[in-house]
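What follows is a single structure, written as structure tokens, with notes after it.
The values are calculated or read from the model by the stated rules, or taken from the named source; none is laboratory data. Here the structure is a predicted model, which means the values were calculated and not measured. So basically every Cβ, Gly included, is an ideal-geometry build from the backbone, and we count neighbours across all protein chains shown.
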Amino acid sequence: MDGKRKPDEVYRNTRKIAGPGIEVVIGEIANVNPEQISVSVNGHEYKGDFMVISLGVEQITEYKLNNFGHDFYTLDGATTFNEKLQNFKGGNIAVVVSALPFKCPAAPYEAAMLVESIIRKRNNR
Ligand SMILES: Cc1cc2nc3c(=O)[nH]c(=O)nc-3n(C[C@H](O)[C@H](O)[C@H](O)COP(=O)(O)OP(=O)(O)OC[C@H]3O[C@@H](n4cnc5c(N)ncnc54)[C@H](O)[C@@H]3O)c2cc1C
């Protein structure tokens, strides 16, 4: 959002966490079986002694809020928001939490402070 890192610096290669005793499987989990402690990926069944399910959440686009503002929760959103901030000519900026729950409770506060810092440096706070 503040343009300090380019998009290709934001991502890390997940395969690099592979090591002794750690296998990285890339693919879509088609089925989770908690009783068997297993998942199926690409038609293959993986079984473990324990299971951590961490499928994340995706922002809903139901209200099409991106038509009215900008988000910093996606790479595209943060990139576009940065472009807008670079061209910001002054005025009020509202940081809106549109619904609960949302990813990362700290993010709106962090965003407010980053926005303030960016536009203060540009002398149009
Ligand atoms: C802007 C922002 C700032 C944040 N800042 C912080 C912070 O400072 N500190 C902090 O602790 N947290 C922060 N968070 C929150 C943190 O990023 C999330 O809580 C964390 O990433 C959640 O991890 P996760 O593994 O549950 O989900 P994710 O990181 O979303 O990962 C889930 C993965 O599962 C994959 N997946 C989903 N379904 C399937 C399927 N069927 N098969 C295969 N793969 C699938 C998804 O594609 C995704 O890659 C922030 C989040 C945002 C958006």
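Applying the criterion of being part of a helix (DSSP H, G or I) and of a type in the set (A, V, I, L, M, F, W, C) to the residues of segment 1-59, the residue that is farthest from residue 69 (Cα to Cα) is 17.
Yes or no, residue by residue, for (1) at pLDDT below 90; (2) of a type in the set (Gly, Ala, Ser):
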position: 39; (1), (2): no, no
position: 42; (1), (2): no, no
position: 49; (1), (2): no, no
position: 62; (1), (2): yes, no
position: 69; (1), (2): yes, yes
position: 72; (1), (2): yes, no
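Screening residue 22 against (1) loosely packed, with under 10 Cβ neighbours inside 10 Å; (2) aliphatic (A, V, I, L, M); (3) within 15 Å of the ligand (Cβ to nearest atom) leaves a single unmet condition, (3). Within segment 72-87, not a single residue is of a type in the set (Ser, Thr, Tyr), farther than 25 Å from residue 10 by Cα and out of contact with any Leu (no Cβ under 7 Å at 6 or more places or on another chain). Picking from residues in segment 45-78 that are near the ligand (Cβ under 10 Å from one of its atoms) and of a type in the set (Phe, Trp, Tyr), the one that is surrounded by the most Cβ atoms within 10 Å (Cβ to Cβ) is 72. Residue 96 meets each of the listed conditions (1) in a loop (DSSP other than H, G, I, E, B); (2) at pLDDT 85 or above; (3) under 30 Å from residue 31 (Cβ atoms) apart from (3).
State yes or no: is residue 89 outside any helix (DSSP H, G or I), free of Cβ contacts under 8 Å to residues at least 60 places away in the same chain, away from the ligand (no atom under 16 Å from the Cβ) and not β-branched (Val, Ile, Thr)? Spelling it out, residue 89 is indeed outside any helix (DSSP H, G or I), free of Cβ contacts under 8 Å to residues at least 60 places away in the same chain, away from the ligand (no atom under 16 Å from the Cβ) and not β-branched (Val, Ile, Thr). Restricting to segment 93-125, name every residue that is surrounded by fewer than 13 Cβ atoms within 10 Å (Cβ to Cβ), under 19 Å from residue 4 (Cβ atoms) and touching a residue at least 40 places away in the same chain (Cβ under 8 Å). Within segment 93-125, 117 is the sole residue that qualifies. Considering only segment 92-114, how many residues are more than 13 Å from the ligand (Cβ to nearest atom) and not small (Gly, Ala, Ser)? Number satisfying all stated conditions: 4.
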